[in-house]
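What follows is a single structure, written as structure tokens, with notes after it.
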Protein chains: 2
Amino acid sequence: MDNPLPAAARALRAAGHRLTRARLAVLQVLEAEHAGLSPQELYERGRAIYAPLGLVTVYRTLALLDELGLVRRVHSDQERHAYACAGADRHHLLCSGCHRLVEFPCQGLDELVASVQARTGYRITEHLLELTGLCPACQATGGPADPTPHHPAPRGA
Amino acid sequence: MDNPLPAAARALRAAGHRLTRARLAVLQVLEAEHAGLSPQELYERGRAIYAPLGLVTVYRTLALLDELGLVRRVHSDQERHAYACAGADRHHLLCSGCHRLVEFPCQGLDELVASVQARTGYRITEHLLELTGLCPACQATGGPADPTPHHPAPRGA
DNA sequence: GCATAACTGAAAACGGTTGTCAACAAGGGG
DNA sequence: CCCCTTGTTGACAACCGTTTTCAGTTATGC
Ligand SMILES: [Mn+2]
Ligand SMILES: [Mn+2]
Ligand SMILES: [Zn+2]
Ligand SMILES: [Zn+2]
């Protein structure tokens, strides 16, 4: 069980924060699941690693990681937000069927951002890009095979 | 006071929904402010137009408009979500100084979306693009140019 | 006008998130 | 290695945006 320290853990220390068991557990879960997890899910999985972990600490850890840019908040249309490991040029692809979240590398956005910057005079420092659609699996099964669809009905009667 | 019916109002009717005073008030506010407003703000401004308006109805109206694609939910890093008129190829530019929200037309995203679609096998149906930065005014003053026009002090004003 | 179902507003419930605070432990200094 | 300092934690409760409930109202077709 001698996992090498996640890069994020080193970044935490470098920023002057303490490397606690709780934070390590959250980081470990985030790293294992390379997609979006809600604070509640992180809490549940985190307790498997470090039993005394508290939900409140998960929230606080996520806020800290978000501040440091190590994690990204994902805005699905569901009630709770999700968090996923952040990376340069990594954005999120959300399946409207199974609600699974994956990352995809994206080039060509810088160009667009530069264009908007030039046109509007804004100095743009951050961007959020989320694409929504049906994953291959959900396309195969013929649509949302999911218990909690977000928008009521796709049209089509 | 014979305002022409907002296009959104006609869309509502076309989709088989009733054109109520409450809904008209919300639409009127949304149209007047061409940027993001929280449900609470919509409620307050809406009551100036139609006094008996209820906050719950604002939520319900926004959900309906969102379903019909007439409004778009904006995910700022603040607690409350905002809603803004939706349009094709219109995305949002958020100032981190004054929190003002403006729309910008965007070309060149379809290409990017098509590329991701081809690479991942997802059938992409929606996209959310939000850029964050400093507006020209806030760059000039080195901070909030204007004391938070869109996000007034929450409590006890 | 009338009937009827869609819609509304008030109040209460709900649930994700945040604040509080005493106990704890990470990490530097001795 | 132990101690100290202070950042951090976890339980509990408050908070607050959002949703549900439900009886009364209203838009709309006839
Ligand atoms: Mn959001
Ligand atoms: Mn677009
Ligand atoms: Zn899927
Ligand atoms: Zn600004």
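Coordinate-derived values only; no laboratory data. Note that this is a predicted model, so its numbers are computed, not measured. Positions of Cβ are backbone-derived with ideal geometry, glycine not excepted, and every protein chain shown enters the neighbour counts.
Its residues counted as N, chain A yields a C-alpha radius of gyration over 2.2 N^0.38 Å of 1.20. Distances longer than 36 Å among the Cα atoms of the protein assembly as shown: what percent of all pairs is that? Cα-Cα pairs of the protein assembly as shown separated by over 36 Å account for 25 percent.
On full extension, the segment bounded by A:A118 and A:H81 gains 10.1 nm, given 0.36 nm per residue less the C-alpha separation.
The Cα center of the stretch A:27-52 and the Cα center of the stretch B:17-84 differ in position by 36 Å. For the stretch A:3-71, the relative contact order works out to 30 percent when only alpha carbon pairs closer than 8 Å and six or more residues apart are counted. Based on the Stokes-Einstein relation at 10 °C and a viscosity of 1.306 mPa s, and on the Kirkwood radius from alpha carbon pairs, the stretch B:1-87 is assigned a translational diffusion coefficient of 123 µm²/s. Shielding of peptide B:132-142 by partners, expressed as the average count of other chain Cβ atoms within 10 Å per residue Cβ, is 3.
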